[in-house]
Amino acid sequence: MPVPEPQGELLKQILAKLKTDDRLLGVAIGGSYLSGEMDEYSDLDLIIVVDDVHYEQVLKERQLLASSLGKLLAAFIGEHVGEPRLLICLYDSPLVHVDLKFLLLQDFQTDRTENPIILWEQRNLLTLAVSDNLRNYSPFDPQWIEDRFWVWVHYGATKLGRGELFEVIDFLSFLRGQVLAPLAKVQAGLLPRGVRNLEREIPSYLSDFRQTIPAKHDQEEIARSLQHTIVFYRQLRSALTTPQLVIHSQAEAASIKYLQTIIDGFK
């Protein structure tokens, strides 16, 4: 697929250097490269598969390895996203964000949520690993959302009542990314990938999404955004074609009533 010039230039440079390291079995790429959505703002999401014998050594030396691939400005391990095998890098000339994920061949075969594109490999090892264990995007489960949503609403209401408004603002963002956007995208026949490309993919829903964003740091304004989040969720839920969905009606009624009690207390 076509790659924008900054990312393409750096990708060629990185690949040329990785190919000279005989401890490596291959390199694959995922993310927006895989989905065909790369633009000038995209990251490079690279998977570096390491020979078992050298894995621990490479993992210890990964920052040094990353610095040999280009003009490295900064790098840190992805423990904050629960992925200690990931090194998150920022390169200069060109200025590009690059994720380097270091995996054993066995983990490359099994520990995937997508089928990456192989850029380079030894002895067809990565291609065989992918073909032996094809992966599809994780199935969407509306029951998982319904089982949690009303507990989340109660949580938001307690923070609202306590006056922890920044907490509720962050919480509304969480609900957009984990509940509303995935539901809306699935109904539009898209992958449930949160708020990514929301403006372009489902513009008909933008008015509803905007109403879940408080216009100011104000208790009543934030409460209205939370109320609309509930209304929007119920609309999306009602459009689901999931006959076996178990709706938690008692939790729904109790959480909405509690939220209204909090709002009535503002006056």
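Summary of values
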read-out	value
Members of the stretch 80-105 found to be part of a helix (DSSP H, G or I) and at pLDDT 95 or above, listed by number	L105
Given (1) within 18 Å of the chain's Cα centre (by Cα); (2) surrounded by 15 or more Cβ atoms within 10 Å (Cβ to Cβ), number of the condition R200 does not satisfy	(2)
Positions within the stretch 1-20 being exposed (fewer than 14 other Cβ atoms within 10 Å of the Cβ) and either touching a Cys at 6+ places or on another chain (Cβ under 9 Å) or closer than 14 Å to D99 by Cα (or both), in sequence order	none
Residue within the stretch 24-46 that is touching a residue at least 12 places away in the same chain (Cβ under 8 Å), more than 26 Å from the chain's Cα centre (by Cα), farther than 30 Å from L190 by Cα and surrounded by fewer than 19 Cβ atoms within 10 Å (Cβ to Cβ) present	no
Number of positions in the stretch 109-129 that are touching a helix residue (DSSP H, G or I) at 6+ places or on another chain (Cβ under 8 Å), under 22 Å from R193 (Cα atoms) and not in a loop (DSSP other than H, G, I, E, B)	1
For F149: the one exception among (1) surrounded by fewer than 21 Cβ atoms within 10 Å (Cβ to Cβ); (2) in contact (Cβ under 8 Å) with a residue 12 or more places away in the chain; (3) aromatic (F, W, Y)	(1)
Considering residues of the stretch 203-259 that are closer than 20 Å to G163 by Cβ and hydrophobic (A, V, I, L, M, F, W, C) only, the residue surrounded by the most Cβ atoms within 10 Å (Cβ to Cβ)	I222
Residues that are part of a helix (DSSP H, G or I), over 24 Å from the mean Cα position of the chain (by Cα) and of a type in the set (A, V, I, L, M, F, W, C), drawn from the stretch 210-237	I222, A223, V231
Selected residue (criterion: modelled with the lowest pLDDT) from residues of the stretch 65-79 that are within 18 Å of I48 (Cα to Cα) and not hydrophobic (A, V, I, L, M, F, W, C)	E79
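The values are calculated or read from the model by the stated rules, or taken from the named source; none is laboratory data. Only a predicted model underlies this, so the values are computations on that prediction, with no experimental measurement involved. All Cβ positions, glycine included, derive from the backbone under ideal geometry; neighbour counts span all protein chains shown.
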